[in-house]
1. Just to be sure I understand the filter: pairs with C-beta atoms under 6 Å, separated by 6 or more residues or on different chains, first member in the stretch 53-81 and touching a residue at least 60 places away in the same chain (Cβ under 8 Å), second member surrounded by 13 or more Cβ atoms within 10 Å (Cβ to Cβ) and of a type outside the set (Gly, Ala, Ser). Which pairs pass?
2. Consider the stretch 4-25. How many of its residues are of a type outside the set (Lys, Arg) and more than 21 Å from the chain's Cα centre (by Cα)?
3. Give me the helices (runs of 4 or more DSSP H) completely within the stretch 39-149, filtered to those with at least 3 residues that are surrounded by 17 or more Cβ atoms within 10 Å (Cβ to Cβ), ordered by residue number.
4. Working only within the stretch 22-33, note down all residues that are in contact (Cβ under 8 Å) with a residue 24 or more places away in the chain and either closer than 23 Å to LYS122 by Cβ or surrounded by 16 or more Cβ atoms within 10 Å (Cβ to Cβ) (or both).
5. Would you check if there is a residue in the stretch 63-72 being within 18 Å of the chain's Cα centre (by Cα) and hydroxyl-bearing (Ser, Thr, Tyr)?
6. Name the residue that is nearest to LEU55 (Cα to Cα), counting only residues in the stretch 147-166 that are of a type outside the set (Ser, Thr, Tyr) and at pLDDT below 80.
7. Scan ASN46, ASN78 and give me the residue that is farther than 22 Å from TYR131 by Cα and at pLDDT 95 or above.
8. Restricting attention to the stretch 126-143, does a residue exist that is under 18 Å from the mean Cα position of the chain (by Cα) and modelled with pLDDT of 90 or more?
Amino acid sequence: MRRFTDNSGQAWDIALTIGDVRRIQSATGINLLEPALGEDGKPAGNGTLPLALVLQNDLLRFYDILQALLERDADMKNIDAEQFGKRLAGSCLIDAHVAFFDEWHDFFLQIRRKAMADIVGKTGELTRAVYDLAEKRTSRLDVTQAIKEIETQIAAMDGVSSGISPDSSE
């Protein structure tokens with residue numbers, strides 16, 4: 001079981017069982033038992049991403065799953081769907097995302113599906129590495145210099161496309 005806290009201080013427990021997987025599938029059409037397949041249940045590839053990768057990167061699809069998973073708890077806490085969404089603003093959603101993926105990984109280990117656990121775990125590692133790299137690169141980005149380089153390239157293309165060299169006085 002994993003836990004995260006929403007922005008109002010309410011703790012939420014994420015525990016994934018086969019019954020939860022079934023309920024999530026009924027509510028969202030997403031089969032969490034097949035993280036390597038596409039959302040449509042067909043093999044990933046040719047433009048179709050594996051479910052684990054989709055859920056790592058599409059926070060709206062992830063939110064649909066989280067809401068279906070925690071709907072009963074929210075009802076017991078008298079929290080409607082709109083309130084639930086407001087409580088997951090900012091880093092709370094990311095905390096829930098991490099907690100869910102850790103729980104999804106452990107779910108597969110508990111049902112002795114190590115290959116599926118590895119897919120979920122490695123997808124999470126890969127996604128975090130990509131985000132970390134992107135964050136490092138963008139933090140070093142000199143926007144002013146980048147704009148100057150783009151302007152220089154555009155000016156060079158204008159000269160080429162018009163057939164007039166920048167040195168020409170015609």
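The values are calculated or read from the model by the stated rules, or taken from the named source; none is laboratory data. This structure is a prediction, so every number in the text was calculated from the model and none was measured. Backbone-built Cβ (ideal geometry, glycine too); neighbour counts: all protein chains shown.
1. Partner pairs satisfying both residue conditions: LEU53/THR123; GLN56/THR123; GLN56/THR127.
2. Step one: filter the stretch 4-25 for residues of a type outside the set (Lys, Arg), giving 4-21, 24-25.
Then keep just the ones that are more than 21 Å from the chain's Cα centre (by Cα); that gives 8-11, 17-19.
Result for the stretch 4-25: 7.
3. Working: elements: 51-57, 59-76, 81-87, 91-110, 114-139.
Of the helices (runs of 4 or more DSSP H) lying wholly inside the stretch 39-149, those with at least 3 residues that are surrounded by 17 or more Cβ atoms within 10 Å (Cβ to Cβ) span 51-57, 59-76, 91-110, 114-139.
4. Residues satisfying the conditions are ILE24, THR28, ILE30, LEU32, LEU33.
5. Yes, some residue in the stretch 63-72 is within 18 Å of the chain's Cα centre (by Cα) and hydroxyl-bearing (Ser, Thr, Tyr).
6. Taking the stretch 147-166 first, the residues of a type outside the set (Ser, Thr, Tyr) are 147-151, 153-160, 163-164, 166.
Cutting the leftovers down to at pLDDT below 80 gives us 158-160, 163-164, 166.
On the way: ASP158: 43, GLY159: 46, VAL160: 45, GLY163: 49, ILE164: 51, PRO166: 50 Å.
Going through the qualifying residues, I end up with ASP158.
7. Numbers: ASN46 fails: at pLDDT 95 or above.
Exactly one residue qualifies, and that residue is ASN78.
8. Let us first name the residues in the stretch 126-143 that are under 18 Å from the mean Cα position of the chain (by Cα), namely 126-135.
Then drop every residue that is not modelled with pLDDT of 90 or more, which leaves none.
Within the stretch 126-143, not a single residue is under 18 Å from the mean Cα position of the chain (by Cα) and modelled with pLDDT of 90 or more.
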